[in-house]
Amino acid sequence: MAQQALRPNTAGSLFASDGKAHPVQDTLMVVTLVLGLLSFITSFFHGLHLLTSWTGLVGIFTGAYGQWISVTTRERTVLILGLGASGIGFLIGMAHGGLFGGLVGG
């Protein structure tokens, strides 16, 4: 009976191994994933290069900070997916015109 009380309850989540709440890390995880998906999807449209490159850049910084403070494997897994999508979107956005293409210079 005493051993059952000491076992952690990991039935709720496959990757959340510590059983504690991480609101900051979870927020960064969701923000990185949303920015990554937005950047990746808008990279298919040449005229949206400003949105693509900026959301990709912000997603990269958000994901990097999230990786730095992440605690569980679940957070790191989703952050890597968001970082990858942000990076691809950012690079394609840069190839299509960049962060200031058409607005600065000429």
Item to check | Translational diffusion coefficient (Stokes-Einstein; Kirkwood radius from C-alpha pairs) of region 30-106 at 25 °C, 0.890 mPa s, in µm²/s | outcome: 203 µm²/s
Checklist entry - When Lys and Arg each count +1 and Asp and Glu each count -1, what net charge do the other residues less than 13 Å away from Leu81, Cβ to Cβ, add up to? => result +1
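Each reported figure results from applying straightforward, stated rules to the coordinates on display, with no laboratory input. Since we're looking at a predicted model, the values are computed, not measured. Cβ: placed from backbone, ideal geometry, glycine included. Neighbour counts: every protein chain shown.
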